[in-house]
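These notes are about the structure you will find just below.
The values are calculated or read from the model by the stated rules, or taken from the named source; none is laboratory data. All values derive from a computational prediction rather than experimental measurement. Here the Cβ is made from the backbone with ideal geometry for all residues, glycine too, and neighbour counts use every protein chain on show. When the accessible area is computed, the model is the full protein with side chains, heavy atoms only, and any ligands, DNA or RNA have been set aside. Shrake-Rupley method; radii C 1.70, N 1.55, O 1.52, S 1.80 Å.
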Amino acid sequence: MSPIRSASIAALASAVLATTLTGCQFGGEQQDTRPIVIAADLELSGASAPVGKVYQRALELKRDQLNASGALGGRKIELRVKDNRSDAAESLRNINDFIGDRSVSAIIMGGCNECAVGAARTVDEKRVPTIALAPSAAVTEPVAERRYMFKLAPNATDSAAALTAELGRQKIRKVGVLHSSDSYGQEGLDALRRELSKADIAVVRAEAVRPTDTDVSGQIADLVAKKPGALVVWTPNEQASLAAVSARQSRYAGSLFFDAAAAGELFLGASARSTERATLIFTQTMVIDDVIATTPAKAARRQWFQDYTARFGGYHGSSSFAADAVQLIADAELRAGGDPRQANRDSLRDVLETAQLDGLSGPIRMTPDNHSGLMPQALTALVARGGRWRLAG
């Protein structure tokens, strides 16, 4: 067995078992064999299907890894997945179905901001722990009204700060911003304006695109006309690729910067020429094969990258968030204890609220005042070189 694989398995087991004893314990208690049932509401069809399917693959891979590791004692994870068709109303119907099933311990929601925000009130009223992979701050804020909602995705404020730092390092003083017209896009624009103002970097123009738009050339032309030193693209991956192609066709010679929401596949494919030398703010897991595995956490991230790539033939950056959500729920379920005849949702929520994990995405810390667990240190600057993302520098 390779040192990396050995280290990652050890890290996986210790992450779950460090705070929990399962199986036959002192006094000869019977081993707990209840399944840990995790429901998942994902965008498997509709506009957001490509990322939704990435999340499904990641959930299934992480389930298989944990079930095979022995780290859960006599217990196994079961996944129950429903397609919300990228529609908030369908998502809410799925959530209500999951809530009514008392065997379900917790819910994982996909990257749809409107779906997660729309379900937040129901989740809180029905008291079912839910981890969303959507980035909008409104998913978990205000915390007093989102006690059962958590999220694992880069935060707009952290991404804006990292983008601004990189713009400053490259001595860029004027930028144009292309952002999505949804809640996360507006949140990103506001966060960018705050951070850029502190760094004395001017926003010469901002243009919005609807999440369903398949042509962004008009907005890019308007931005390029202002001759900014850089274009900041704060949109989902598909539109970010369109923006890069449109900028190249407009003979734009400045720099391209992408927010974390634009992350997609490791290899850039058809957009490789247009994105060459572009900067992306994202987690190190995307390029972990460039990193020496000097800690158990880095070894686990590298093993995840290799296992995902081996099973699915490529790597997608967002997969690690789904895997970390499964790990957090499994850890919390083992620590929560309680009545073995039913899922213990209140206890599980209480454990999740203080969860700490050196996850596949990076350091994760939940607190009673902050249910968005990904730490700012998880984000770094990546650069497109030779048709794939690499560590910057």
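Figures for the structure shown
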| quantity | calculated |
| --- | --- |
| Contacts under 7 angstrom Cβ, first residue in the range 45-57 being touching a residue at least 12 places away in the same chain (Cβ under 8 Å) and within 17 Å of Ala263 (Cβ to Cβ), partner aliphatic (A, V, I, L, M) and surrounded by 24 or more Cβ atoms within 10 Å (Cβ to Cβ), 6 or more apart | Gly52/Leu42; Tyr55/Leu42; Tyr55/Leu133; Tyr55/Ala322 |
| Subset of the range 225-247 that is at pLDDT 95 or above and surrounded by fewer than 20 Cβ atoms within 10 Å (Cβ to Cβ) - its residue that is nearest to Leu167 (Cα to Cα) | Gly229 |
| Enumeration of residues in the range 64-79 that are open to solvent by 60 Å² or more (accessible area, probe 1.4 Å) and touching a helix residue (DSSP H, G or I) at 6+ places or on another chain (Cβ under 7 Å) | Lys76 |
| Search result, residues across the range 43-77 that are acidic (Asp, Glu) and farther than 21 Å from Ala153 by Cβ | Asp64 |
| Check on Arg273, touching a residue at least 24 places away in the same chain (Cβ under 8 Å), assigned to a helix (DSSP H, G or I) and open to solvent by less than 40 Å² (accessible area, probe 1.4 Å) | no |
| Residues of the range 140-178 that turn out to be closer than 21 Å to Ser319 by Cβ and either hydroxyl-bearing (Ser, Thr, Tyr) or over 22 Å from the mean Cα position of the chain (by Cα) (or both), as a count | 1 |
| The range 91-135, subset assigned to a helix (DSSP H, G or I) and charged (D, E, K, R), residue most open to solvent (accessible area, probe 1.4 Å) | Arg121 |
| Only one of Ser255, Ser271, Ser246 that is among the hydroxyl-bearing types (Ser, Thr, Tyr), farther than 17 Å from Phe321 by Cβ and in contact with a Gly (Cβ under 8 Å, 6 or more places away or on another chain) | Ser255 |
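Yes/no matrix, rows are residues, columns are (1) more than 16 Å from the chain's Cα centre (by Cα); (2) modelled with pLDDT of 95 or more; (3) surrounded by 23 or more Cβ atoms within 10 Å (Cβ to Cβ); (4) part of a loop (DSSP other than H, G, I, E, B):
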residue: Trp304; (1), (2), (3), (4): no, yes, yes, no
residue: Arg311; (1), (2), (3), (4): yes, yes, no, no
residue: Ala322; (1), (2), (3), (4): no, yes, yes, no
residue: Val326; (1), (2), (3), (4): no, yes, yes, no
residue: Ala330; (1), (2), (3), (4): yes, yes, yes, no
residue: Arg349; (1), (2), (3), (4): yes, yes, no, no
residue: Thr354; (1), (2), (3), (4): yes, yes, no, yes
residue: Leu360; (1), (2), (3), (4): no, yes, yes, yes
residue: Gln377; (1), (2), (3), (4): no, yes, no, no
